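Worksheet for the structure shown next.
The values are calculated or read from the model by the stated rules, or taken from the named source; none is laboratory data. Bear in mind that the values here come from a model prediction, so they are computed numbers and not experimental data. FYI the Cβ positions are ideal-geometry reconstructions off the backbone, even for glycines, and counts take in every protein chain you see.
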Amino acid sequence: MREIFVLVLLFTGVFFFSVGTIGVLRLPDVFCRLHANTKSDTLGVGLVLGSLLLYEGLSSAGVKLIFMIIFIWITNPTAGHIIARASYDTIVDWTGQLARQKGGEK
């Protein structure tokens with residue numbers, strides 16, 4: 001029964017990774033792409049590592065997996081916010097080309 005839950009979590013995580021990849025390829029601007037990537041990758045990594053944690057159990061490797069999940073859940077949205085803020089400050093247009101710097105010069 002545990003293997004079924006592991007497989008469900010694993011395939012759900014891979015599904016979210018795939019959706020994020022499709023979102024990066026298909027969405028029009030940098031902000032939509034960033035949103036698709038950070039949301040789906042955070043959830044996908046959490047589910048895949050959660051399936052590994054469920055498979056491994058609460059051992060030393062399981063504790064390391066818990067720390068990895070917490071680290072990724074903190075750093076991935078933070079990195080996405082920093083990238084979005086940098087794109088907003090440089091005013092990137094919808095094609096990803098630099099429209100102008102914050103000071104007004106191109």
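Before moving on, here are some points about what is shown:
- Of all residues in region 15-63, those being in contact with a helix residue (DSSP H, G or I) (Cβ under 7 Å, 6 or more places away or on another chain) and either assigned to a helix (DSSP H, G or I) or not aliphatic (A, V, I, L, M) (or both) number 31.
- Some residue of region 46-69 being surrounded by fewer than 14 Cβ atoms within 10 Å (Cβ to Cβ) and among the aromatic types (F, W, Y): yes
- Per-region count, region 64-106, residues at pLDDT 90 or above, among the polar types (S, T, N, Q) and either in a loop (DSSP other than H, G, I, E, B) or more than 22 Å from H35 (Cβ to Cβ) (or both): 0
- Residue check, F31 farther than 18 Å from L53 by Cα and exposed (fewer than 15 other Cβ atoms within 10 Å of the Cβ): no
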